[in-house]
1. I'd like the residue in the range 107-141 that is crowded, with 22+ Cβ neighbours inside 10 Å and modelled with pLDDT under 85 and, out of all such residues, is farthest from the chain's Cα centre (by Cα).
2. In the range 246-264, how many are out of contact with any helix residue (DSSP H, G or I) (no Cβ under 8 Å at 6 or more places or on another chain) and within 8 Å of residue 182 (Cα to Cα)?
3. Pairs please, first residue from the range 66-78 and surrounded by 13 or more Cβ atoms within 10 Å (Cβ to Cβ), second anywhere and in a helix (DSSP H, G or I) and modelled with pLDDT of 80 or more, Cβ atoms under 6 Å, 6+ apart in sequence or on different chains.
4. Select from the range 152-182 the residues that are assigned to a loop (DSSP other than H, G, I, E, B) and modelled with pLDDT of 90 or more and write down the one among them that is farthest from residue 256 (Cα to Cα).
5. Name the single residue, out of those in the range 206-217 being modelled with pLDDT under 70 and surrounded by 10 or more Cβ atoms within 10 Å (Cβ to Cβ), that is nearest to the chain's Cα centre (by Cα).
6. Do we have any residue at all in the range 11-21 that's at pLDDT 75 or above, surrounded by fewer than 15 Cβ atoms within 10 Å (Cβ to Cβ), under 17 Å from the mean Cα position of the chain (by Cα) and within 20 Å of residue 146 (Cβ to Cβ)?
7. Return the residues of the range 275-304 that are in a helix (DSSP H, G or I) and closer than 27 Å to residue 163 by Cβ; say none if nothing qualifies.
8. Between 307, 253, 267, which is assigned to a helix (DSSP H, G or I), closer than 23 Å to residue 192 by Cα and modelled with pLDDT of 80 or more?
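The values are calculated or read from the model by the stated rules, or taken from the named source; none is laboratory data. Model, not experiment: these values are computed from the prediction. Note that each Cβ is placed from the backbone with ideal geometry, even for glycine, and that neighbours are counted across all protein chains shown.
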């Protein structure tokens, strides 16, 4: 693959990640609030009667739509884009690195394995995920810490610089790589995602080729991009549902002052203390945000590559 092709995929990946992050930022904010331990955003306490007649309070978190309504009523529409700046700092280079590594690896592996085979897509997706995770994990750790810090309402929010200093002072350089083991485990999600995506994409291309042979039509149509969005959404749904527990483990590992130390220790602790259901906590909200984000990101990537390559 030429240097120009690499730059095209790098730029297209960055554009895809940026557009996806901007358009789905409100869902990201809602997801973060739902995961938060802050009770001020949540539904007021529910009174529960105990055996001796006394009452205790329990906080019940709302669903995504109720959470969205409360944010709009109490904080206004602009609050739905909080954290967009730090998110863009990480998402653009992360997606750019991922897509560039994926395309480059796929180009090389096509000469080792059968061209565009399942093996090529799986190894390429895994290598690209490993590269992007290793390069950008410190950014995502800071983002997670800042989102968790925002839960303490009424207190001054910690800045990114303060967060970096705090992590370094507490854990040193290795502190910036907390949760990376869970992210590596999450490579399975990207592998499953791209295998399914490329398979559906290939079927769509075969259908398009057959149709073009009959109609003498070779130009891309709007329906082609809609098909790519649906392919991306379908593949991401399957992949996320299978590999979701790594998301919960990663968040726990990145918390400040956490008792969690490693991937498997965290996994076993969660199951022992909170049950297997805890491994899928927040899955619905995660899918509500992740699926459209992936569909937008992948379709934007394909459109930019198509436009730049003529």
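1. Filtering first and then ranking leaves 121.
2. Residues meeting the conditions: 0.
3. none
4. 172
5. In the first step, residues of the range 206-217 are kept if they are modelled with pLDDT under 70; the result is 213-217.
Filter once more, keeping what is surrounded by 10 or more Cβ atoms within 10 Å (Cβ to Cβ): 213, 217.
Details: 213: 39, 217: 37 Å.
Among those residues, the one meeting the criterion is 217.
6. Here is the first cut: in the range 11-21, the residues at pLDDT 75 or above are 11-21.
Keeping just the survivors that are surrounded by fewer than 15 Cβ atoms within 10 Å (Cβ to Cβ) gives none.
Looking for residues that are at pLDDT 75 or above, surrounded by fewer than 15 Cβ atoms within 10 Å (Cβ to Cβ), under 17 Å from the mean Cα position of the chain (by Cα) and within 20 Å of residue 146 (Cβ to Cβ), one finds none in the range 11-21, hence no.
7. Narrowing the range 275-304 to residues in a helix (DSSP H, G or I): 276-280, 283-304.
Correct list: 278, 285, 286, 289, 290, 293, 297.
8. Values: 307 fails: closer than 23 Å to residue 192 by Cα; 253 fails: closer than 23 Å to residue 192 by Cα.
Result of the check over 307, 253, 267: 267.
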